[in-house]
1. What residues have an amide H closer than 5 Å to that of ASP64, excluding those fewer than 5 places away on the same chain, when H is modeled at 1.01 Å from N in the peptide plane?
2. For all pairs of alpha-carbon atoms in the stretch 24-124, what percent lies in each bin of width 10 Å, listed from the first bin to the last filled one?
3. Go through LEU40, LEU60 and list them by solvent-accessible area, largest first, probe radius 1.4 Å.
4. Using the Karplus equation 6.51 cos²θ - 1.76 cosθ + 1.60 (θ = phi - 60°), what ³J(HN,Hα) coupling, rounded to whole Hz, does each residue of the stretch 86-101 give in order, writing x for Gly and Pro?
5. Please work out how much length the chain gains when fully extended from THR42 to ASN88, using 0.36 nm per residue of separation minus the C-alpha to C-alpha distance, in nm with one decimal.
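The values are calculated or read from the model by the stated rules, or taken from the named source; none is laboratory data. Predicted model only: the values in this text are computed from it and were never measured. All accessible areas refer to the heavy atoms of the entire protein, side chains included, with ligands and DNA or RNA removed. Shrake-Rupley method; radii C 1.70, N 1.55, O 1.52, S 1.80 Å.
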Amino acid sequence: MSEETQRQHYYVEPTCESIEHNHAFITIADVARDHQHGILGTTGPAIYSGHSHFHRICVLTTSDPKCGPIHWHVVDVVTGPAIEVAGNEHTHQFCGETSCVLGHTHSFNSTTDTTPDRKKKCDCNHKDCDHDHKDCKREDD
């Protein structure tokens, strides 16, 4: 895969407001062909949609040398929207299936770690706005 193709498929240009907002995650995929893989990393930056946001996860699994040839799988999914939790923080659920390698895939279902809620930079034309945008009419609604 060319560098340009990789950039288009595996890189999201962060915006000023999202560059500091991501989540860590760690989970284990289900068993397939007598082995499992770990899935860990950091999400991409926040992608705002409506009154919430989500994140892209694009990583390689860990390898598992216990069964057959050493191999990895690609995980490329988008999280669900923010889920509010105590302490003015939020998390995201993510699930899916790895890429098919050596004739098999692995399923996974987990959540990211929590992070403090961050307000999206206001584009509602209210001077010095510091609210949750629930009553704002925005172009992305």
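1. Those qualifying (amide H under 5 Å, at least 5 residues apart or on another chain) are HIS71.
2. Each 10 Å bin holds this share of Cα pairs: 15, 43, 25, 13, 4, 0.
3. LEU60, LEU40
4. 4, x, 6, 10, 8, 9, 9, 8, 9, 7, x, 9, 6, 5, 8, 9
5. Gain on extension, THR42 to ASN88, equals 14.5 nm.
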